[in-house]
Structure formats: structure tokens, C-alpha cells
Amino acid sequence: VAVLVFIAIVLFVLYEAGFIFQPKDKKEVITTYFESIENNDFEGYMSTMVKPMAEEYRSCADVKGLSDIEAMKELYADYIEGFGEGYTITVEYGAEETVSEAMIKNSENLLNTTYSQKFDITEAYRIATTVTFKGDKAEENQTMYVYVGKIGRKWYILNIDN
């Protein structure tokens, strides 16, 4: 029993220090977001959002009777229309800026009010990206500023500005 307790304590300390089971990097959540759109991966897409927001998307798809692929195609029908079926998305990362405490508090308040749940954003960044959409109908580069925040041990997308 003592050995098991010791192992549990060591694992907990290593986990808390971030040496094992490390959460995704702040840029990985952005990559997941755009890859999920490109691949019609509804579960991946929802994993980039706070849980109550993802639950809203799931509920909406369920009410409409949409499969995961159908839900993604409905959400991004304008991309299919503009770029063509099977378009690709690539992301290049630019400058990162730490988000001010005031902006973090505003984001927390918005999440807390919207979802009647306590959110504690421990760090947040504004990351400049160049997103390239390419399909058989068109190709376009867009500069997007993606705001990501860390809640607990996980990064989430908080907002995207063009």
C-alpha cells in the first residue's frame, strides 16, 4: 500500500509540473480547429471550445438530426461554396502577444455570464495567423488573429478576428 501511495504521489507531482500528460500547446488548439474544419471533424472542432459551447453545438446538430459530417458541412457551407468541395486549409503562425489582464477578465465575465459557470483563464494570447484556403474554385489567404486561453490545463479558442 505504501508503495502505491508513493507512486501515486510521484505521478501527481510529475503531472502537476507538466512533465507527463502535458496538455496541448496553445498553437495546437488552433491547428486542431482548422484541421477539424478541413476534415469535417465535428468532435475535433468541439474540442477547441469550452465544454458548454461544445454542448450547444452538439445539441443543435442533434435537434436538426445532423451527423457530425453534415453538421460541419452546414457550419462551413460558405467555404464549400466559395472554395469547392474538398478544399484545404493551411495555417502559418506569426507574432504572439500576451493578452492583458483586463481582456482576460472580460473574457471570463463573458463566459461566466453566457454559460452560468465559473471560468478561470490563467493565461491568454493573441496569435497572428495567415490562413490559406485552397480549393478547385478559389484560393484565398486571410490574416486572422486567434485568441486562445488556458483554462485548467487545456487551451481553448476564445475568439477569432479577421
- prompt: Using r as the Cβ-Cβ distance of E101 and E56, and R0 as 35 Å, what FRET efficiency do you calculate, to the nearest 0.05?
  reply: 0.80
query: Out of V131, V146, V63, any idea which swings most in a Gaussian network model of the chain, alpha carbons joined below 10 Å?
result: V63
- prompt: Hey, could you pull the Cα Rg and Dmax for the chain, both in Å?
  reply: 18.5, 65
- prompt: Under a straight-distance cross-link criterion of Cα-Cα below 25 Å, which lysines are reachable from K137, leaving out those fewer than 8 residues away in the same chain?
  reply: K73
- request: Check the straight Cα-Cα distances from K118 and name the lysines below 24 Å, setting aside those fewer than 8 residues away within the same chain.
  value: K24, K26, K51, K105, K150, K154
query: With every protein chain present, what is the per residue accessible area of the chain (1.4 Å probe, Å²)?
result: 60
- prompt: If eta is 1.567 mPa s and T is 4 °C, what Stokes-Einstein diffusion coefficient results for region 92-162, Kirkwood Rh from Cα pairs, in µm²/s?
  reply: 97
- prompt: Within the accessible area of the chain, what % is carbon and sulfur when the probe is 1.4 Å and the other protein chains stay in place?
  reply: 55
Loop-exposed chymotrypsin sites (Phe, Trp or Tyr not before Pro) per DSSP, neighbour cap 13 Cβ within 10 angstrom, longest uninterrupted part of the chain: 22-162
- prompt: How large is ³J(HN,Hα) for each residue in region 157-162, as worked out from phi by the Karplus curve 6.51 cos²θ - 1.76 cosθ + 1.60 (θ = phi - 60°), to whole Hz, x for Gly and Pro?
  reply: 7, 9, 6, 9, 10, 8
message: In region 16-133, if the dipole is taken from +1 on Lys/Arg beta carbons and -1 on Asp/Glu beta carbons about the Cα centre, which of N112, G82, T48 is farthest to the positive end?
response: N112
- line: For the chain the mean separation of alpha carbon contacts under 8 Å (6+ apart) over residue count, i.e. relative contact order in percent, is 22
- prompt: Which whole-Hz couplings ³J(HN,Hα) result when phi for each residue of region 142-149 is put into the Karplus expression 6.51 cos²θ - 1.76 cosθ + 1.60, θ = phi - 60°, listed in order with x for Gly and Pro?
  reply: 10, 8, 10, 9, 9, 9, 10, x
- prompt: Which is the longest run of the chain containing none of the trypsin sites (Lys or Arg not before Pro) found in DSSP loop states (not H, G, I, E, B) with at most 14 other C-beta atoms within 10 Å?
  reply: 1-117
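With the cut-off at 1.5 for a/c, could you classify region 52-120 from its C-alpha gyration tensor as rounded, prolate or oblate?
Values: a/c = 3.76, a/b = 1.32, b/c = 2.84.
Oblate, since a/c reaches 1.5 and b/c is not below a/b.
The values are calculated or read from the model by the stated rules, or taken from the named source; none is laboratory data. What you see is a predicted model; the values in this text were computed from it and never measured. We place every Cβ from the backbone using ideal geometry, glycine too, and count neighbours over all the protein chains shown. Heavy atoms of the whole protein, side chains included, go into the accessibility calculation; ligands, DNA and RNA do not. Shrake-Rupley method; radii C 1.70, N 1.55, O 1.52, S 1.80 Å.
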